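The block underneath contains the structure these notes are about, expressed in structure tokens.
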Amino acid sequence: MSSETQKILTTDGIPLEESLKKAEKKNKIKAFLLVCPLLLFLIITYVFPIGDMLFRSVDDRMVTNMLPKTYKAMEQWDGKELPPEEVFEGFYLDYKKLVEEKTFGKLATQLNYEKNGFKSILKKLKRKMKKFEEGNYKEQIMAVHSRWANVEYWRALKRRAPAYSYSKYLKGVDMYENEDGKIVQVSEDRRIHKILWVRTVEVAFFVTVFCFLMAYPIAHLLATLPMKYSNLLMICVLLPFWTSLLVRTASWMILLQQQGIVNDFFVWIGLVADDNRPEMMYNKVGTYVAMTQILLPFMVLPLYSVMKTISPSLMRAGKSLGGTPFVAFWKVYFPLTIPGIGAGCLLVFILAIGYYITPALVGGASGTLISNHIAFHMKSTLDWSFASAMGLMLLSGVLAIYWVYNKLVGVDNIKLG
Amino acid sequence: MALPKYTEPHYRIWHYFYIFICSCVFFFLIAPLFVIFPLSFNAEEFLVFSEGMKRLDPDAFSLRWYHDMVYGTKNPWGLAAKNSFIIAIFATLGSVLLGTVAALGLSSRHMPYKGIIMATLISPMIVPLIISGVAIFFFMAKVGLAATHTGIVLAHIVLGTPFVVITVTATLSGFDHSVTRAAASLGSDPVNTFMKITLPLILPGVISGGLFAFVTSFDEVVVVLFLAGLDNTTIPIQMWTGLREQLSPTILAVATCLIVLSTLILVTAELLRRRSERIRGINR
């Protein structure tokens, strides 16, 4: 028999293999088309804007475009001593144009991010500039304010010359590029961002630990109790889960205030004196307590769904083979719950590290986290490129954990109640 | 959980200790919600239990904060509630529509690049809200939808779809595909099959995903803080402002209403979950 005849044909004469492949391909396209609307929607309204943030965080063309003549003249300047007359002339011409266009305020804001004190001397320059005579701009500008004769300010100006820069990222980890182009740390007393990063990770870590310690026993109880009791207790876990975050934070604000119930209780059992009630809100304690309670359901649910699948006979077998209940638990039960522990801990950690509302309301100054700092720069200082840079640094951390989570647990295994 | 008779004393002690610990944790979870109820009926302006309330004196309780919530001149709760409901309803419809269709594609075993696409679709749930807020704000400002209802609805669809995708794919994971094949072999076209066979079977999952999307939108503050103008104020925004500036008992009245609402949603979701498991023949 030849190989030709061995091929199985479909009724219309096409080899079955080919026909099957065709059908498979058709199914693939069909499945993909179903996902397409949502995927496109998310790419346009979500993935692309996050990419835009990345662009914004390195984009520094605004200052570059505002001072073209200055930066042209600065190309020749080595930055060691005060720049030559051409730079001053270029700066004068650029700034005059900005004043005419009434956009000099933006420049002042931008330069003030780079070095404090720029705003006032730019304003003063604007006032005095009207009486400037032609020629010898160096002398005239330096006469306006002593800071214009300070080479540091000109160096700061030069640092903003490139159209794209990663300086916002350096600022986010308390570093900067000094005059020699080396990356160095800012002076000790100004390292505010490092403190924030450490605190954010610390809070997220301890909240995860507290959540785990509290969730493990109750998830175990829920998984081992008979259905009719466990359903009732499950409500206790799910009700906070479904309740508004702001409502839960508000209730903690009431409980933890100085005249609040928790303090009343401490006074009543004699732990603290009535006139010496501890401050439990607007500091780290408040953040820890409220965040633990709010994130606890996210730990209980994955643990519960894993524990539910562990057969109770395994523990009995462990005991019947001579293990004490503790040994049986530690050697048999606990290892089986590790997938649930991993899922719960990663989920809580991811959620905790980007928390905003609760720390902003109960955290006070010592309990604020990186998210609050991003919001501060978005809303108060309006340094959006710095906010974007900080946001992306946080995002890269979260995505790294998300990647691990996806590898270990798989996103399609997230359980919601 | 009765202990067997032969349990040794120290295990017995350990067992009661364990029950005690569990009770404490449950108390910690649920008690904070209940402190709001009585205080919202406080006749006084302070957020502590007055002497009268401790004595259960009827004069110490009143409905004045509920009255203030509804009729108060300076409280824009009416506008906020209206906005919240409009935004949440449209966001839910959008999320359910996009999420369900996508989940149907994702549950197909022919779906290419399943892992990476699933991870992308779920990401709005994982990415810190502040980052989503900043990114979406930049986008909406660029296309001119900042401070509009449309912009907020679109943002909430982004945040709500992961929940729909998760619940619907979970429902579809136990789905018996031979029923749709049976329908097809009996001459039904795919749309008819979906409407008559698939949808009724996955409906509990779709609705519970919709409830998640609704709650997400209804409770969302961070993104709205960036997007909302004065006309788009929502209940969470009003609460946020109130909590930051001055905690007034009116907020507690609103909070009590929200707790009642979430209890209703929880009961609905639980009933749906059980129904879904019964339909799919999962016995737990």
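Can you check what the net charge comes to around A:PRO240, using other residues whose Cβ is under 15 Å from the Cβ of A:PRO240 (Lys, Arg +1; Asp, Glu -1)? Let's see the in-between values first.
Working: positive: A:ARG248; negative: B:ASP219, B:GLU270.
Neighbour charge sum, excluding A:PRO240 itself: -1.
Where does each of A:TRP268, A:TRP384 land when they are ranked from fewest to most other beta-carbon atoms within 10 angstrom? Working shown, then result.
On the way: A:TRP268 10, A:TRP384 18.
Final ranking by Cβ density, sparse to dense: A:TRP268, A:TRP384.
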query: For the stretch B:167-233 and the stretch A:257-336, what is the separation of their C-alpha centers, rounded to whole Å?
result: 35 Å
- prompt: So which of A:LYS138/A:LYS168; A:LYS319/B:LYS5; A:LYS69/A:LYS123; A:LYS72/A:LYS126 end up more than 24 Å apart, counting from Cα to Cα?
  reply: A:LYS138/A:LYS168
- line: By the Kirkwood definition, with r running over pairs of different Cα atoms, the stretch A:192-413 has a hydrodynamic radius in Å of 19.5 Å
field: Farthest positive-ward along chain B dipole, Cα basis, beta-carbon charges - from B:PRO112, B:TRP240, B:SER276
entry: B:PRO112
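Would you list A:TYR304, A:TYR164, A:TYR355, A:TYR282 from fewest to most Cβ contacts within 10 Å? Can you show the working numbers first?
Details: A:TYR304 23, A:TYR164 12, A:TYR355 28, A:TYR282 18.
With the fewest neighbours first, A:TYR304, A:TYR164, A:TYR355, A:TYR282 line up as A:TYR164, A:TYR282, A:TYR304, A:TYR355.
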message: Positive end of the dipole of the protein assembly as shown, charges at C-beta (+1 Lys, Arg; -1 Asp, Glu), about the Cα centre: which of A:ALA31, B:GLY78, B:GLY209 has its Cα farthest in that direction?
response: A:ALA31
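Which value, in debye to the nearest 20, gives the size of the charge dipole of the protein assembly as shown about its Cα centre, when Lys and Arg are +1 and Asp and Glu are -1 at the Cβ?
On the way: 68 positive and 50 negative charges, 222 e Å.
Charge dipole of the protein assembly as shown: 1060 debye, to the nearest 20.
What net charge is computed for the residues neighbouring A:ASN263, neighbours being all others with C-beta under 14 Å from the C-beta of A:ASN263, Lys and Arg scored +1, Asp and Glu -1? Before the final figure, lay out each step's value.
Details: positive: A:ARG277; negative: A:ASP264, A:ASP274, A:ASP275, A:GLU279.
Charge balance in the 14 Å sphere: -3.
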- line: Looks like the protein assembly as shown, by Cα gyration tensor root eigenvalues a ≥ b ≥ c and the a/c under 1.5 rounded cutoff (else prolate when a/b is bigger than b/c, oblate otherwise), is oblate
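Once you have a ≥ b ≥ c as the square roots of the Cα gyration tensor eigenvalues for the stretch A:61-162, tell me rounded if a/c is under 1.5, and otherwise prolate or oblate according to whether a/b is larger than b/c.
Values: a/c = 1.22, a/b = 1.03, b/c = 1.18.
Here the stretch A:61-162 falls in the rounded category.
Let's see if you can work this out: charge +1 on each Lys and Arg Cβ, -1 on each Asp and Glu Cβ, no other charges. What is the dipole magnitude of chain B about its Cα centre, in debye to the nearest 20?
Roughly 1040 debye, rounded to the nearest 20.
Send over the semi-axes of the stretch A:116-271's equivalent ellipsoid, whole angstrom and largest first, taken as the square roots of 5 times the C-alpha gyration tensor eigenvalues.
Working: eigenvalues 725, 89, 52 Å².
Each semi-axis is the square root of five times an eigenvalue, giving 60, 21, 16 Å.
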- prompt: For chain A, with the dipole built from +1 on Lys and Arg beta-carbon atoms and -1 on Asp and Glu ones, taken about the Cα centre, which of A:PRO226, A:GLY181, A:SER57 lies farthest toward the positive end?
  reply: A:PRO226
- prompt: Other chains' Cβ within 10 Å of B:107-113 residues: what's the mean?
  reply: 5
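Cα gyration tensor of chain B, axes a ≥ b ≥ c as square roots of the eigenvalues: rounded (a/c below 1.5), prolate (a/b > b/c) or oblate?
Working: a/c = 2.20, a/b = 1.22, b/c = 1.80.
Oblate shape, in that a/c is at least 1.5 and b/c is the bigger or equal ratio.
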message: Order these by the 10 Å Cβ neighbour count, fewest first: A:ILE357, A:ILE29.
response: A:ILE29, A:ILE357
query: Local charge sum around A:ASP174 (other residues, Cβ-Cβ under 9 Å, Lys/Arg +1, Asp/Glu -1)?
result: +4
- prompt: Per residue Cα convex hull volume for chain A, in cubic angstrom?
  reply: 320 Å³
query: Expressed as a whole number of Å, what is the distance separating the alpha-carbon centroids of the stretch B:75-146 and the stretch A:185-254?
result: 24 Å
task: Name the lysines eligible as straight-distance cross-link partners of A:LYS25: C-alpha to C-alpha under 30 Å, and not fewer than 8 places from it in the same chain.
output: A:LYS7, A:LYS407, B:LYS114, B:LYS196
query: Given only helices, namely DSSP H runs of n ≥ 4 each adding -39500 (n - 2.57), what is the per-residue ellipticity at 222 nm of the protein assembly as shown, to the nearest 500 deg cm²/dmol?
result: -22500 deg cm²/dmol
task: Find the Rg to Rh ratio for the stretch B:150-212, where Rh is the Kirkwood radius over alpha-carbon pairs and Rg uses the same atoms.
output: 1.11
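Would you work out the charge dipole size for chain A about its Cα centre, treating the Cβ of every Lys and Arg as +1 and the Cβ of every Asp and Glu as -1, and quote it to the nearest 20 debye?
Numbers: 49 positive and 35 negative charges, 109 e Å.
Dipole about the Cα centre, nearest 20: 520 debye.
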- line: Per residue of B:158-165, other chain Cβ atoms within 10 Å number on average 3
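Values quoted throughout were computed directly from the atomic coordinates according to the rules given, and no laboratory measurement underlies them. The structure displayed is predicted, hence computed values, not measured ones. Cβ coordinates were reconstructed from backbone atoms using ideal geometry, including for glycine residues, and neighbour counts include every protein chain displayed.
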